[in-house]
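Undergrad: Just passing along the structure, written as structure tokens.
Nothing in this text is a laboratory measurement; each read-out follows from the coordinates by a stated rule. Every value quoted in this text rests on a predicted model; they were computed, and no experiment measured them. Backbone-built Cβ (ideal geometry, glycine too); neighbour counts: all protein chains shown.
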Amino acid sequence: MMSTLQTAASLVYLVSAICYVLGVHLMRSPKSARNGNLLSGAGMLLAVIMVTIELIVQGKITAMGWLVLIAGLVLGVLYGVIKARRVEMTAVPQLVSLFNAVGGGAAAAIGIFDYFHMPTGSSLSLVFSIPVLLDIVIGGTTFSGSLIAMGKLAGKISGKPISFPGARICNFIVIIAMIVGAVLIIGFPVTPWYLALVLVASLIFGLLMTLPIGGADMPVVVSLLNAFTGLAVAFAGFVINNQVLIIAGALVGAAGTILTLQMAEAMHRSVANIIVGGFGAGATGKGAAASDVPVNVTETTADDIGLQLGYAHNVMIVPGYGLAAAQAQHELAELAKLLTDSGINVNYAIHPVAGRMPGHMNVLLADVNVPYDQMKQLEDANSMFEDTDVSLVIGANDVTNPLARESGNPISGMPILNVDQSKSVVVIKRSMSTGYAGVANPLFSDDKTTMFFADAKTGLQDIIAATKQYLD
Amino acid sequence: MSQQLFTNLAIFILSLLVGFEVMSKIPATLQTPMMSGANAIHGVVVVGAFVIAAEANNVALYILAFLCAFFAAVNVAGGYTLTDRMLHMFDRPKASKNDDGGDK
């Protein structure tokens, strides 16, 4: 009986693992992505049903066990689904970070549970102690690290790199504590204090790792922590000898690592620099080297912009972080619709890292019903600027900086949108401050560029009102 | 015991390789949904919550099992819902265009 159940469970877990792999495979293309996610979700449901059957047939679980399990699941599902349904699309990165934190926390809880479950004083085999240790260290680090990342993305914690005197000594002490705890857990009989030491050290390590990293690098960090959580889950699978955890965890660990590298590449950053730069003293003084901002810019008014747009044939909208931060995507879509309805050709030039993380701008624009075929990716957009009458740059800076085509500055070689090739450029920006890279943008002082200093949301509202006059 | 370890280790390493292979070049458009989708998959840790709940037999362990079930459920349910919401937005414009075409 027992072995029939085990065979059935193994086969079902295998099927659900296949669903995850095929699901990720399908998610690589926009057309099949949704089905891919649904397939992966179906695999998840299958695994949950199977483990429920296992529990019922084994009959080992106590009534109290059922109670805490069901209470935890019901509350968790409600909280997770409500959060996911209600979140503003601009706040997606921090929510992913929260889901990542709790995933890491759950993986660590499994390791802690199994260590506590061993009688105090009993000695452990390496086969058990090493996975427990890796599970708790990685799970604990991603738990606290992801919460900090979430706070930084939500603006609750300063997005600036936070460092304090003695940070290096703190790091050193924490790593030593972690190693001591590891040795105690592996080499000595079970004692709850050993585990507490490793857990606390891991949680502090997560804080120290994430605090010194700047807010603009956070998406890459979230993706990296996501891969870490995958590994923590895989090690939890070793601890409880469950293959579906091992397969799915390792899959996310590896796929998440590749995704992190691709995101970092799109943002023209290196993962090593982001992490090590945070740990070292390198973070201080960054941005101080910003060169002087060009002063000879031409300011314009909403009325002039309305006139310019009303008489254009081809308009290219270049949305950036400022648009996402001001949550002005609704106003932007309204303006674009106004122009399109009057027969003006409107497209969006979307830099791979526009918004808060790669692909985020596409999600924001799709949310306000911008047609998919109007969203032009980097290469397509760059072939269209020469025929563009007006480029409307909203809250974007570094991704339009022509200096990237020259050498010897922080953004050299970064792929940019060639906005400077269009016939005229209007930039909506709150101030002349530099972008994340801390480099002045010569586009702003170009002869064909006019600047409109405003918050993206109120600025666009004024432009909509002005444009209406000229379209009648 | 060591037989079991080697089986699990083989599964782990081969799954890592599958993960590296399956995640070739992703268009930037899909990187955020993909991250969220991968995030949902590690919600499989919820299966572990069931396994430990079956073993719990004292207050501390019940609390740990509850926390694990709650955390994992937030991860898995929230992760899939959020990913689906994002991906749904990508096929909505296409769908509405087809609808318009049919009406007019």
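Undergrad: Would you kindly state how much longer the chain becomes between residue A:433 and residue A:64 on full extension, computed as 0.36 nm times their sequence separation minus their alpha carbon distance, in nm to one decimal? Don't skip to the answer; put the middle values down first.
TA: Numbers: separation 369, 0.36 × 369 = 132.84 nm, distance 5.90 nm.
Net length gain for the segment: 126.9 nm.
Undergrad: On to the next question. Given axes a ≥ b ≥ c from the Cα gyration tensor, I'd like to know whether the range A:1-86 is rounded (a/c under 1.5), prolate (a/b larger than b/c) or oblate. Don't skip to the answer; put the middle values down first.
TA: Numbers: a/c = 5.26, a/b = 1.32, b/c = 4.00.
It is oblate, given that a/c is not under 1.5 and a/b is not larger than b/c.
Undergrad: Binning every alpha carbon pair distance of the range A:338-398 at 5 Å from zero, what are the percents per bin?
TA: 4, 16, 27, 30, 17, 6, 1
Undergrad: How high is the relative contact order of chain A? Use alpha-carbon pairs under 8 Å, at least six apart in sequence, and give a whole percent.
TA: Worked out over chain A, it gives 13 percent.
Undergrad: Can you check how the C-alpha radius of gyration of the range A:97-185 compares to 2.2 N^0.38 Å, as a plain ratio? Could the numbers behind the result be given before it?
TA: Numbers: Rg = 15.9 Å, N = 89, 2.2 N^0.38 = 12.1 Å.
The range A:97-185 yields a ratio of 1.31.
Undergrad: Calculate the mean, over all residues of peptide A:346-358, of how many other protein chain Cβ atoms lie within 10 angstrom of the residue's Cβ.
TA: Working: counts 0, 0, 0, 0, 2, 1, 4, 2, 1, 1, 1, 4, 9.
Other-chain Cβ atoms within 10 Å of each residue's Cβ, averaged: 2.
Undergrad: Each label point is 7 Å from the Cα along the Cα-to-Cβ direction; what then is the distance between the points at residue A:379 and residue A:82, in nm?
TA: The two pseudo-label positions are separated by 4.7 nm.
Undergrad: A follow-up question, please. Taking the beta-carbon count within 10 Å as an exposure proxy, list A:66, A:193 from fewest neighbours to most. Let's see the in-between values first.
TA: Values: A:66 14, A:193 9.
The most exposed by this proxy come first: A:193, A:66.
Undergrad: Just rank B:41, A:162, A:394, A:110, fewest to most, by other beta-carbon atoms within 10 angstrom.
TA: Lowest count first: A:162, A:394, A:110, B:41.
Undergrad: Given N residues in the range A:298-471, what is its alpha carbon radius of gyration divided by 2.2 N^0.38 Å? Let's see the in-between values first.
TA: Details: Rg = 14.6 Å, N = 174, 2.2 N^0.38 = 15.6 Å.
Compactness ratio reported: 0.93.
Undergrad: Using the scaling law 2.2 N^0.38 Å as the reference, what is the normalised Cα Rg of the range A:135-252? Before the final figure, lay out the partial values.
TA: Numbers: Rg = 15.5 Å, N = 118, 2.2 N^0.38 = 13.5 Å.
Against the empirical 2.2 N^0.38 Å value, I get 1.15 for the range A:135-252.
Undergrad: Just name one of A:116, A:73, A:97: the one whose Cα is farthest towards the positive end of the charge dipole of the range A:1-131 (beta-carbon charges, Lys/Arg +1, Asp/Glu -1).
TA: A:97
Undergrad: Taking amide H positions as placed 1.01 Å from N in the peptide plane, with prolines and chain starts having none, which residues 5 or more places from residue A:269, or on another chain, fall under 5 Å of its amide H?
TA: The list, which skips near neighbours in sequence, is empty: none.
Undergrad: Can you give the charge dipole size of the protein assembly as shown about its Cα centre, rounded to the nearest 20 debye, using +1 on the beta carbon of Lys and Arg and -1 on the beta carbon of Asp and Glu? Please report the intermediate quantities before stating the final value.
TA: Numbers: 29 positive and 35 negative charges, 277 e Å.
Dipole of the protein assembly as shown, to the nearest 20 debye: 1320 debye.
Undergrad: Averaged over A:19-32, how many beta carbons belonging to a partner chain fall within 10 Å of each residue's beta carbon?
TA: Working: counts 1, 10, 6, 1, 5, 9, 5, 1, 11, 8, 3, 8, 3, 1.
Average neighbour count from other chains, rounded to a whole number: 5.
Undergrad: Please identify the DSSP H helices in chain B that span no less than 24 Å along the helix axis (Cα) and have a mean Kyte-Doolittle hydropathy of 1.0 or more.
TA: On the way: long enough: B:2-22 (29 Å, 1.42); B:79-103 (36 Å, -1.25).
Once both thresholds are applied, what remains is B:2-22.
Undergrad: Taking every Cα atom in the range A:139-202, find the radius of gyration and the maximum pairwise distance Dmax, and write them in Å.
TA: Answer for the range A:139-202, Rg first and Dmax second: 14.8, 45 Å.
Undergrad: List A:148, A:411 from most exposed to least, where exposure is judged by having the fewest other Cβ atoms within 10 Å.
TA: Working: A:148 24, A:411 20.
By the 10 Å Cβ count, ascending: A:411, A:148.
Undergrad: Hey, another quick one. What is the diffusion coefficient of chain B in µm²/s, taking the Kirkwood radius over Cα pairs and the Stokes-Einstein relation at 37 °C with a viscosity of 0.692 mPa s?
TA: 191
Undergrad: Within chain A, which DSSP H helices have Cα atoms that stretch 15 Å or more along the helix axis and a mean Kyte-Doolittle hydropathy of at least 0.0? Could the numbers behind the result be given before it?
TA: Working: long enough: A:2-26 (36 Å, 1.46); A:33-58 (38 Å, 1.27); A:63-86 (34 Å, 1.48); A:92-117 (37 Å, 1.06); A:126-154 (41 Å, 1.60); A:167-187 (30 Å, 2.46); A:192-210 (28 Å, 2.02); A:218-239 (31 Å, 1.93); A:243-266 (34 Å, 1.53); A:329-341 (18 Å, -0.23); A:456-471 (22 Å, 0.04).
Qualifying helices: A:2-26, A:33-58, A:63-86, A:92-117, A:126-154, A:167-187, A:192-210, A:218-239, A:243-266, A:456-471.
Undergrad: Also: Read phi for every residue in the range A:412-421 and hand back ³J(HN,Hα) as whole Hz from Karplus 6.51 cos²θ - 1.76 cosθ + 1.60, θ = phi - 60°, with x for Gly and Pro.
TA: Calculated HN-Hα couplings, in order: 3, x, 5, x, 10, 8, 7, 4, 5, 8 Hz.
Undergrad: Pairs of Cα atoms under 8 Å, at least six residues apart: use those to get the relative contact order of the range A:304-408, whole percent. Please list the in-between numbers first.
TA: Working: 139 pairs, mean separation 42.8, N = 105.
Rounded, it is 41 percent for the range A:304-408.
Undergrad: Enumerate the amide H contacts of residue A:393 below 5 Å, restricted to partners 5 or more residues apart or on another chain; note that Pro and chain-start residues carry no placed amide H.
TA: Answer set, sorted by chain and number: A:318, A:426, A:427, A:428.
Undergrad: Okay, next question. So, counting K/R as plus one and D/E as minus one, what does the shell of residues with Cβ under 11 Å around residue B:31 add up to? Please list the in-between numbers first.
TA: Working: positive: A:28, B:25; negative: A:265.
Once all neighbours under 11 Å are counted, the net charge is +1.
Undergrad: Report the net charge of residues surrounding residue A:51, where surrounding means a beta-carbon distance below 14 angstrom and charges are Lys +1, Arg +1, Asp -1, Glu -1. Mind showing how you got there, number by number?
TA: On the way: positive: A:60; negative: A:54, B:55.
That sum, taken over residues with Cβ under 14 Å, equals -1.
Undergrad: Provide the gained length on full extension for the span residue A:241 to residue A:405, in nm with one decimal, where the gain is 0.36 nm per separating residue minus the Cα-Cα distance. Working shown, then result.
TA: Numbers: separation 164, 0.36 × 164 = 59.04 nm, distance 5.35 nm.
In short, 53.7 nm is gained.
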